[in-house]
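Visitor: Questions regarding the structure given below will be posed in turn.
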Amino acid sequence: MLWLDLNNTPSLRTVASPVSMFLEKVGRKPAFFVFWARLYYMKKVIQTEAQLGVIAAVSDAVAPVIDELDLELVEVQFRPESGGWVLRLIIDGESGITLDHCTAVSRAVSDLLDVEDMVGHAYRLEVSSPGMDRPLRNLKDFQRCLGKKAKVTTSEPLEGYGSMVIGVIKAVADDSVTFTVEGENVVIPLTIVAKAKLVVEF
């Protein structure tokens, strides 16, 4: 996997949780602990919603810029990691991704992200290629991976296979994908594909 980090902006400091701070002050009293634990849980839920909002906003903003470079935005990740918050753009191209591609995307989107100020606090920008077991999210992904083995989890069980199918991607239609599983063709409607990714073979 290729990745590029061109933003060395200092990260936010980590602070103690409200639960631990409260217990240090008043001791371990169950009733108060439950109250503060609920507040902490609500904070975590709000934080998650904020992360999803950043991901959606960044995706909408940078996808057209990446398209102009004849590349595809596969996924946007925004989460706290070692050293601070990371905004990661995962990109792909018809002939794969090189370090030059990552550099070009980073330069193209950095100014846009600074101007729009979608994050609101310090973060590190990374641009990378998908891993070997990259997720398959749409028909274009499946089309690109024709002939490769994939694992698919479905929202509804398939007769004779249950809710998981591992097979070679044989064909892609407007609304379904056909897999070859032990010599048999299995057609899966895209509407019931809950999760899919390539299977790494060694």
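Visitor: Which condition does Lys149 not pass, out of (1) of a type outside the set (Phe, Trp, Tyr); (2) modelled with pLDDT of 90 or more; (3) within 23 Å of Thr98 (Cα to Cα), if it passes all the others?
Guide: Of the numbered conditions (1) of a type outside the set (Phe, Trp, Tyr); (2) modelled with pLDDT of 90 or more; (3) within 23 Å of Thr98 (Cα to Cα), the odd one out for Lys149 is (3).
Visitor: Out of Glu24, Glu75, Glu49, I need the residue that is modelled with pLDDT of 50 or more and exposed (fewer than 11 other Cβ atoms within 10 Å of the Cβ). Which one?
Guide: Criteria check complete, one pass: Glu49.
Visitor: Which condition from (1) surrounded by 15 or more Cβ atoms within 10 Å (Cβ to Cβ); (2) in contact with a Leu (Cβ under 8 Å, 6 or more places away or on another chain); (3) in the same structural domain as Phe78 (by TED's automatic domain parsing) is the one that Met118 breaks?
Guide: The number of the failed condition is (2).
Visitor: To continue, here is another question. Which number in (1) in contact with a helix residue (DSSP H, G or I) (Cβ under 6 Å, 6 or more places away or on another chain); (2) at positive phi; (3) of a type outside the set (A, V, I, L, M) marks the one condition that Gly147 misses?
Guide: All conditions are met except number (1).
Visitor: Within the range 174-195, take every residue that is touching a helix residue (DSSP H, G or I) at 6+ places or on another chain (Cβ under 8 Å) and not β-branched (Val, Ile, Thr) and give me the one that is surrounded by the fewest Cβ atoms within 10 Å (Cβ to Cβ).
Guide: By that ranking, first place goes to Asp174.
Visitor: Can I ask one more? Answer with yes or no whether Thr103 is part of a helix (DSSP H, G or I) and out of contact with any Cys (no Cβ under 6 Å at 6 or more places or on another chain).
Guide: yes
Visitor: Filter the range 160-185 down to the residues that are part of a strand (DSSP E or B) and out of contact with any strand residue (DSSP E or B) (no Cβ under 8 Å at 6 or more places or on another chain) and list them by number.
Guide: Gly162, Glu184
Visitor: Restricting to the range 186-202, count the residues that are of a type outside the set (Asp, Glu) and not in a strand (DSSP E or B).
Guide: 6
Visitor: For Leu125, which of the numbered conditions (1) surrounded by 18 or more Cβ atoms within 10 Å (Cβ to Cβ); (2) farther than 15 Å from Val58 by Cβ; (3) among the hydrophobic types (A, V, I, L, M, F, W, C) fails to hold?
Guide: In the conditions (1) surrounded by 18 or more Cβ atoms within 10 Å (Cβ to Cβ); (2) farther than 15 Å from Val58 by Cβ; (3) among the hydrophobic types (A, V, I, L, M, F, W, C), Leu125 misses (2) alone.
The values are calculated or read from the model by the stated rules, or taken from the named source; none is laboratory data. Everything quoted here is computed from the prediction, not taken from an experiment. Methodologically, a virtual Cβ is constructed for each residue, glycine included, from the backbone with ideal geometry; neighbour enumeration extends over all protein chains shown.
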